Amino acid sequence: MQLLKDRISKDGKVIEDRILKVDNFINHQLDVELFNEIGKEFKDRFKNKEISKILTVETSGIGIACIVAQYFGNVPVVFAKKHSGINMDTDNYEAKVYSFTKETEYTIKVSKKYINKEDNILIIDDFLASGSAMTGLMDICKQAGAVIEGIGIVIEKSFQGGRELIEKEGIQLESLAIIEGLKNGKVIFKD
């Protein structure tokens, strides 16, 4: 998706040639016009799939998932919670996830009320790096007996190996911008 690549090149910040910071348009301040184009693109890439719910993980994936949901007939968006509160159900699907940017492991949870074996799930997230978050979300879908119809990623860091974890499961993976590397403060996109 050239629009996204151009925006990453223009406004993304590379930190220590290992982190791409896109908080000014994707995961802190949100560019809704760009999200609209992302939603259209994911609809096009998964147009032959019957989607009943979109699943993401808090926090950065929620805004994107909500926009994408509009293009699939306003299907519900379910997000895995990273933190429990007193208002969280106690009957949940759970999975362990390691955060690359926070360098910590946590447990994600989805109430069993919101995903079940009748669901055809499209997983949406902002980044794919090592694949830990996707593995956790896929595990939650398996626990529920739901069908994973596909995974849509806004930015993939292909040099961190997450793609292989998804492809070995035979799941359709669509990444809108694939980054081969971060070098000398620059983003190197895969052609």
Percent antiparallel among DSSP beta bridges confined to the chain, nearest 5, equals 45 percent
Can you tell me the Rg and Dmax of the chain, counting just the alpha carbons, in angstroms?
-> 15.9, 48
Picking from 39, 150, 170, which is most flexible by a Gaussian network model of the chain using Cα springs under 10 Å?
-> 170
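Just the number: Rg to Rh for segment 71-134, Cα atoms, Kirkwood Rh, two decimals.
Values: Rg = 13.1 Å, Rh = 13.4 Å.
When Rh is taken as the Kirkwood radius, the ratio is 0.98.
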With +1 on the Cβ of every Lys and Arg and -1 on the Cβ of every Asp and Glu, the dipole magnitude of segment 1-62 about its Cα centre, in debye rounded to the nearest 20, is 240 debye
Sparsely packed trypsin sites (Lys or Arg not before Pro) within segment 3-80, loop by DSSP, other Cβ within 10 Å at most 11 | 47
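Can you give the alpha-carbon Rg of segment 146-188 over 2.2 N^0.38 Å, where N counts its residues? Don't jump to the answer; show the numbers that get you there.
Values: Rg = 12.1 Å, N = 43, 2.2 N^0.38 = 9.2 Å.
The reported ratio for this selection is 1.32.
Let's test the formula: R0 of 35 Å, r as the Cβ-Cβ distance of residue 2 and residue 105. What FRET efficiency results, to the nearest 0.05?
Values: r = 36 Å, r/R0 = 1.03.
With a Förster radius of 35 Å, E is 0.45.
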Percent antiparallel among DSSP beta bridges confined to segment 52-146, nearest 5, equals 55 percent
Across 10/96; 5/81; 10/40; 82/117, pairs whose alpha-carbon gap is larger than 26 Å = 10/96; 5/81
Selection from 54, 64, 15 lying farthest towards where the dipole of segment 10-68 points positive, charges on Cβ | 54
Fully extended contour minus Cα-Cα distance, from residue 83 to residue 28, at 0.36 nm per residue | 17.9 nm
Where labels lie 7 Å past Cα in the beta-carbon direction, separation of residue 130 and residue 142 in nm | 1.9 nm
Could you state the orientation-averaged shadow area of the convex hull built on the Cα atoms of segment 17-93, in nm² to one decimal?
-> 7.1 nm²
What aspartates and glutamates could a cross-link reach from residue 112, if we take a straight Cα to Cα line under 16 Å and drop same-chain neighbours fewer than 8 places away?
-> 89, 91, 94, 139
So for the pair residue 118, residue 40, with labels modelled 7 Å out along Cα→Cβ, what separation do we get in nm?
-> 3.4 nm
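With r defined as the distance between the Cβ atoms of residue 10 and residue 47 and R0 fixed at 30 Å, what FRET efficiency is calculated, to the nearest 0.05? Please list the in-between numbers first.
On the way: r = 29 Å, r/R0 = 0.97.
Calculated transfer efficiency: 0.55.
Coordinate-derived values only; no laboratory data. The structure presented is a predicted model; accordingly, all values stated were derived computationally and were not measured. Every residue, glycine among them, receives a Cβ derived from its backbone with ideal geometry; neighbour counts consider all protein chains shown.
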